[in-house]
Amino acid sequence: MPTTPNPSPGSPVLHGNEAPSAWVRRWTHLIPAGGTVLDVACGQGRHLRWLAGRGHPVTGLDRSPEAIAAVAPLGRAVLADIENGPWPLDGETFDAVVVTNYLWRPLLPLIVATVAPGGVLLYETFASGHETVGRPARPDFLLQPGELLQACSGLRVVAFEDGFCSAPERFVQRIAAVRETGPSGATPVRHLLDITG
(Lines give C-alpha, C1' and ligand atoms only; values in the text may rest on other atoms or scores of the structure.)
Protein backbone atom coordinates (compact mmCIF):
# COMPACT_ATOMS: atom_id res chain seq x y z
CA MET A 1 0.00 0.00 0.00
CA PRO A 2 1.37 3.48 -0.80
CA THR A 3 2.24 5.73 2.10
CA THR A 4 2.12 9.45 2.64
CA PRO A 5 5.54 10.99 3.35
CA ASN A 6 6.28 12.66 6.66
CA PRO A 7 6.85 16.41 6.71
CA SER A 8 10.44 17.63 7.07
CA PRO A 9 11.81 17.19 10.58
CA GLY A 10 11.10 20.21 12.74
CA SER A 11 8.53 21.73 10.36
CA PRO A 12 5.13 22.14 11.99
CA VAL A 13 2.14 21.00 9.96
CA LEU A 14 -1.22 22.48 10.84
CA HIS A 15 -4.18 20.13 10.44
CA GLY A 16 -5.53 20.56 6.96
CA ASN A 17 -2.41 22.30 5.65
CA GLU A 18 -0.45 19.13 4.96
CA ALA A 19 0.10 17.85 1.43
CA PRO A 20 -2.91 16.43 -0.40
CA SER A 21 -3.53 12.75 0.19
CA ALA A 22 -1.47 10.50 -2.08
CA TRP A 23 -4.71 8.61 -2.80
CA VAL A 24 -6.48 11.76 -4.00
CA ARG A 25 -3.47 12.80 -6.08
CA ARG A 26 -3.22 9.33 -7.62
CA TRP A 27 -6.83 9.28 -8.83
CA THR A 28 -7.37 12.96 -9.70
CA HIS A 29 -7.13 12.04 -13.39
CA LEU A 30 -10.53 10.31 -13.11
CA ILE A 31 -12.25 13.66 -12.58
CA PRO A 32 -13.67 14.96 -15.88
CA ALA A 33 -11.74 17.97 -17.23
CA GLY A 34 -13.12 21.12 -15.64
CA GLY A 35 -15.47 19.01 -13.50
CA THR A 36 -16.97 20.35 -10.30
CA VAL A 37 -15.59 19.02 -7.01
CA LEU A 38 -17.10 18.79 -3.53
CA ASP A 39 -14.76 18.25 -0.56
CA VAL A 40 -16.77 17.05 2.46
CA ALA A 41 -15.26 18.10 5.81
CA CYS A 42 -12.68 20.06 3.82
CA GLY A 43 -10.70 21.45 6.77
CA GLN A 44 -8.12 24.04 5.74
CA GLY A 45 -8.47 23.06 2.08
CA ARG A 46 -5.49 20.86 1.19
CA HIS A 47 -7.52 19.03 -1.46
CA LEU A 48 -9.40 22.12 -2.61
CA ARG A 49 -6.08 23.86 -3.32
CA TRP A 50 -4.81 20.82 -5.22
CA LEU A 51 -7.96 20.47 -7.32
CA ALA A 52 -8.57 24.18 -7.94
CA GLY A 53 -4.98 24.36 -9.15
CA ARG A 54 -5.91 21.78 -11.79
CA GLY A 55 -8.80 23.83 -13.14
CA HIS A 56 -11.70 22.35 -11.19
CA PRO A 57 -14.43 24.58 -9.71
CA VAL A 58 -14.41 23.57 -6.04
CA THR A 59 -16.89 23.58 -3.18
CA GLY A 60 -15.69 23.08 0.38
CA LEU A 61 -18.08 21.95 3.10
CA ASP A 62 -17.15 22.15 6.79
CA ARG A 63 -18.65 23.02 10.18
CA SER A 64 -15.67 25.15 11.23
CA PRO A 65 -15.96 28.88 10.51
CA GLU A 66 -12.14 29.08 10.50
CA ALA A 67 -11.92 26.34 7.86
CA ILE A 68 -14.56 28.01 5.70
CA ALA A 69 -12.76 31.36 5.95
CA ALA A 70 -9.53 29.65 4.86
CA VAL A 71 -11.06 27.99 1.78
CA ALA A 72 -13.37 30.81 0.66
CA PRO A 73 -10.76 32.29 -1.74
CA LEU A 74 -10.54 28.96 -3.56
CA GLY A 75 -14.18 28.67 -4.59
CA ARG A 76 -17.55 28.08 -2.99
CA ALA A 77 -17.37 27.62 0.79
CA VAL A 78 -20.35 26.18 2.68
CA LEU A 79 -20.55 26.39 6.48
CA ALA A 80 -22.78 23.61 7.84
CA ASP A 81 -22.88 21.11 10.68
CA ILE A 82 -23.88 18.13 8.57
CA GLU A 83 -24.00 15.76 11.54
CA ASN A 84 -26.62 17.78 13.42
CA GLY A 85 -28.39 19.71 10.69
CA PRO A 86 -29.75 19.28 7.18
CA TRP A 87 -27.56 18.50 4.19
CA PRO A 88 -26.97 21.98 2.69
CA LEU A 89 -26.51 20.83 -0.92
CA ASP A 90 -29.83 19.05 -1.38
CA GLY A 91 -30.35 17.99 -4.98
CA GLU A 92 -26.85 19.03 -6.13
CA THR A 93 -24.40 16.61 -7.72
CA PHE A 94 -20.70 16.99 -8.44
CA ASP A 95 -18.26 15.50 -10.92
CA ALA A 96 -16.07 14.48 -7.99
CA VAL A 97 -16.72 14.07 -4.29
CA VAL A 98 -13.67 13.90 -2.03
CA VAL A 99 -13.77 12.73 1.58
CA THR A 100 -10.67 12.13 3.71
CA ASN A 101 -10.28 11.43 7.42
CA TYR A 102 -14.01 11.75 8.02
CA LEU A 103 -16.77 9.27 8.73
CA TRP A 104 -20.38 9.89 9.70
CA ARG A 105 -22.24 6.73 8.69
CA PRO A 106 -25.73 8.27 8.33
CA LEU A 107 -24.32 10.45 5.52
CA LEU A 108 -22.64 7.70 3.49
CA PRO A 109 -25.64 7.08 1.18
CA LEU A 110 -26.10 10.83 0.62
CA ILE A 111 -22.39 11.34 -0.12
CA VAL A 112 -22.47 8.54 -2.70
CA ALA A 113 -25.69 9.94 -4.22
CA THR A 114 -23.96 13.32 -4.66
CA VAL A 115 -21.64 11.83 -7.32
CA ALA A 116 -22.93 12.91 -10.75
CA PRO A 117 -23.18 10.51 -13.70
CA GLY A 118 -19.65 10.12 -15.05
CA GLY A 119 -18.29 11.45 -11.76
CA VAL A 120 -15.95 9.91 -9.20
CA LEU A 121 -15.90 9.36 -5.46
CA LEU A 122 -12.46 9.54 -3.80
CA TYR A 123 -12.82 8.44 -0.18
CA GLU A 124 -10.12 7.64 2.37
CA THR A 125 -10.51 7.36 6.13
CA PHE A 126 -9.54 5.36 9.18
CA ALA A 127 -10.45 1.70 9.46
CA SER A 128 -10.83 -0.99 12.06
CA GLY A 129 -7.43 -1.73 13.60
CA HIS A 130 -6.51 1.95 13.87
CA GLU A 131 -7.39 1.86 17.57
CA THR A 132 -4.15 -0.10 18.10
CA VAL A 133 -1.95 2.73 16.80
CA GLY A 134 -3.75 6.00 17.52
CA ARG A 135 -6.87 8.11 17.34
CA PRO A 136 -9.64 7.92 16.40
CA ALA A 137 -10.14 4.74 18.40
CA ARG A 138 -13.93 4.60 18.76
CA PRO A 139 -15.66 2.13 16.44
CA ASP A 140 -18.07 4.93 15.43
CA PHE A 141 -15.22 6.56 13.51
CA LEU A 142 -13.55 3.45 12.06
CA LEU A 143 -14.74 1.69 8.93
CA GLN A 144 -15.40 -2.01 9.27
CA PRO A 145 -13.91 -4.49 6.76
CA GLY A 146 -15.48 -3.96 3.33
CA GLU A 147 -17.71 -1.11 4.54
CA LEU A 148 -16.68 1.33 1.81
CA LEU A 149 -17.21 -1.33 -0.84
CA GLN A 150 -20.72 -1.91 0.44
CA ALA A 151 -21.47 1.83 0.55
CA CYS A 152 -20.35 2.16 -3.07
CA SER A 153 -22.27 -0.83 -4.40
CA GLY A 154 -24.00 1.33 -7.05
CA LEU A 155 -20.70 2.66 -8.41
CA ARG A 156 -17.97 1.03 -10.49
CA VAL A 157 -14.99 0.47 -8.19
CA VAL A 158 -11.75 1.39 -9.92
CA ALA A 159 -9.50 0.88 -6.89
CA PHE A 160 -9.91 -0.18 -3.27
CA GLU A 161 -7.43 -0.66 -0.44
CA ASP A 162 -7.94 -1.75 3.15
CA GLY A 163 -5.00 -2.14 5.49
CA PHE A 164 -2.03 -0.67 7.30
CA CYS A 165 0.07 2.29 6.15
CA SER A 166 3.21 3.67 7.74
CA ALA A 167 4.61 7.20 8.10
CA PRO A 168 2.40 7.93 9.96
CA GLU A 169 1.14 4.57 11.17
CA ARG A 170 -2.55 4.15 10.46
CA PHE A 171 -5.18 1.68 9.30
CA VAL A 172 -7.24 3.00 6.38
CA GLN A 173 -9.79 2.10 3.79
CA ARG A 174 -9.83 4.01 0.55
CA ILE A 175 -11.78 3.80 -2.64
CA ALA A 176 -11.92 5.38 -6.07
CA ALA A 177 -15.31 4.66 -7.64
CA VAL A 178 -17.09 6.03 -10.70
CA ARG A 179 -20.79 6.47 -11.42
CA GLU A 180 -21.00 5.10 -14.93
CA THR A 181 -23.21 6.83 -17.45
CA GLY A 182 -24.42 3.74 -19.31
CA PRO A 183 -23.51 2.15 -22.65
CA SER A 184 -23.62 5.44 -24.56
CA GLY A 185 -22.09 7.52 -21.76
CA ALA A 186 -18.89 9.52 -21.79
CA THR A 187 -16.82 7.50 -19.33
CA PRO A 188 -14.48 5.44 -21.53
CA VAL A 189 -12.94 2.35 -19.95
CA ARG A 190 -9.47 3.29 -21.22
CA HIS A 191 -9.70 6.52 -19.19
CA LEU A 192 -10.60 4.61 -16.03
CA LEU A 193 -7.60 2.35 -16.48
CA ASP A 194 -5.14 5.19 -17.10
CA ILE A 195 -3.25 4.76 -13.82
CA THR A 196 -0.69 7.55 -13.51
CA GLY A 197 0.85 7.38 -10.10
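The values are calculated or read from the model by the stated rules, or taken from the named source; none is laboratory data. In this text, all values refer to a predicted model and were calculated from it rather than measured experimentally. Cβ: placed from backbone, ideal geometry, glycine included. Neighbour counts: every protein chain shown. SASA here: full protein model, heavy atoms, side chains in, ligands and nucleic acids out. Shrake-Rupley method; radii C 1.70, N 1.55, O 1.52, S 1.80 Å.
The rows are residues; the columns are (1) touching a Lys or Arg at 6+ places or on another chain (Cβ under 8 Å); (2) at pLDDT 95 or above.
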residue	(1), (2)
4	no, no
11	no, no
23	yes, no
30	no, yes
47	no, yes
55	no, yes
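Do we have residue 70 as among the small types (Gly, Ala, Ser), in a helix (DSSP H, G or I) and either closer than 19 Å to residue 34 by Cβ or at pLDDT 90 or above (or both) here?
Details: among the small types (Gly, Ala, Ser): yes; in a helix (DSSP H, G or I): yes; either closer than 19 Å to residue 34 by Cβ or at pLDDT 90 or above (or both): yes.
Answer is yes for this residue.
Conditions tested, residue by residue: (1) in contact with a helix residue (DSSP H, G or I) (Cβ under 9 Å, 6 or more places away or on another chain); (2) among the β-branched types (Val, Ile, Thr); (3) within 21 Å of residue 143 (Cα to Cα).
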{"position": "23", "(1), (2), (3)": "no, no, yes"}
{"position": "40", "(1), (2), (3)": "yes, yes, yes"}
{"position": "63", "(1), (2), (3)": "no, no, no"}
{"position": "76", "(1), (2), (3)": "no, no, no"}
{"position": "91", "(1), (2), (3)": "no, no, no"}
{"position": "95", "(1), (2), (3)": "no, no, no"}
**Message:** Take residue 65 and tell me if it is in contact (Cβ under 8 Å) with a residue 24 or more places away in the chain and open to solvent by 30 Å² or more (accessible area, probe 1.4 Å).
**Reply:** no
**Prompt:** Has the stretch 108-119 got at least one residue that is in contact with a helix residue (DSSP H, G or I) (Cβ under 8 Å, 6 or more places away or on another chain), modelled with pLDDT of 95 or more and in a strand (DSSP E or B)?
**Reply:** no
**Message:** Looking at the stretch 86-107 only, could you name the residues that are assigned to a loop (DSSP other than H, G, I, E, B) and farther than 14 Å from residue 37 by Cα?
**Reply:** 86, 87, 88, 90, 91, 101, 102, 103, 104
